[in-house]
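The values are calculated or read from the model by the stated rules, or taken from the named source; none is laboratory data. Only a predicted model underlies this, so the values are computations on that prediction, with no experimental measurement involved. Here the Cβ is made from the backbone with ideal geometry for all residues, glycine too, and neighbour counts use every protein chain on show.
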Amino acid sequence: MPQLTVSVEHNLGKEEATKRIRDAVHDAKCRLSDTITDVRECWEDGTAWFSFRVKGISVQGTLNVEPLRIKLQSKFPRGALLFKKKAEKDIERKARRLLT
């Protein structure tokens, strides 16, 4: 399965970046509950393992929060390969906005 990878630098420190990401994930789960289902996340220190279904497609991956950057890696469904570049750009744009 193809890999989606997004890396974004920040100056917030690990704790503040993690807090903002966790808050944004919680907000997204509430706002998009009709589109995103079966959400699971497990945090340990600055690493999150996650999985969910969006429009019937399973997504899973990891998010590492470091003091000066975040790195998201996810398996990307072959059936959605046409949207991979757009997804990477959208995630990166939203992460930059969140971490600024």
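Among Arg40, Arg53, Arg20, which is within 17 Å of Ile91 (Cβ to Cβ) and charged (D, E, K, R)? Before you say what the answer is, go through the steps one by one.
Working: Arg40 fails: within 17 Å of Ile91 (Cβ to Cβ); Arg53 fails: within 17 Å of Ile91 (Cβ to Cβ).
Going through Arg40, Arg53, Arg20 in turn, the sole match is Arg20.
Please name all residue pairs, on different chains or six or more residues apart, with Cβ atoms under 6 Å, provided the first residue is in region 35-51 and is over 10 Å from Gly61 (Cα atoms) and surrounded by 15 or more Cβ atoms within 10 Å (Cβ to Cβ) and the second residue is modelled with pLDDT of 95 or more and not hydrophobic (A, V, I, L, M, F, W, C).
Correct list of pairs: Gly46/Lys14; Gly46/Thr18.
Among the numbered criteria (1) in contact (Cβ under 8 Å) with a residue 40 or more places away in the chain; (2) surrounded by 13 or more Cβ atoms within 10 Å (Cβ to Cβ), which one does Ala80 miss?
(1)
If Lys19 satisfies every condition in (1) loosely packed, with under 15 Cβ neighbours inside 10 Å; (2) within 12 Å of the chain's Cα centre (by Cα); (3) of a type outside the set (Ser, Thr, Tyr) but one, which is the exception?
With (1) loosely packed, with under 15 Cβ neighbours inside 10 Å; (2) within 12 Å of the chain's Cα centre (by Cα); (3) of a type outside the set (Ser, Thr, Tyr) applied to Lys19, the lone miss is (2).
Which one is surrounded by the most Cβ atoms within 10 Å (Cβ to Cβ) among residues in region 52-70 that are among the charged types (D, E, K, R) and more than 16 Å from Gly13 (Cβ to Cβ)?
Within region 52-70, the subset among the charged types (D, E, K, R) is 53, 55, 66, 69.
Within this subset, residues satisfying the condition of being more than 16 Å from Gly13 (Cβ to Cβ) are 53, 55.
Numbers: Arg53: 14, Lys55: 8.
Only one residue fits best here, namely Arg53.
Please enumerate the residues belonging to region 64-100 that are in a strand (DSSP E or B) and either among the small types (Gly, Ala, Ser) or farther than 18 Å from Pro2 by Cβ (or both).
Asn64, Val65, Arg69, Ile70, Ser74
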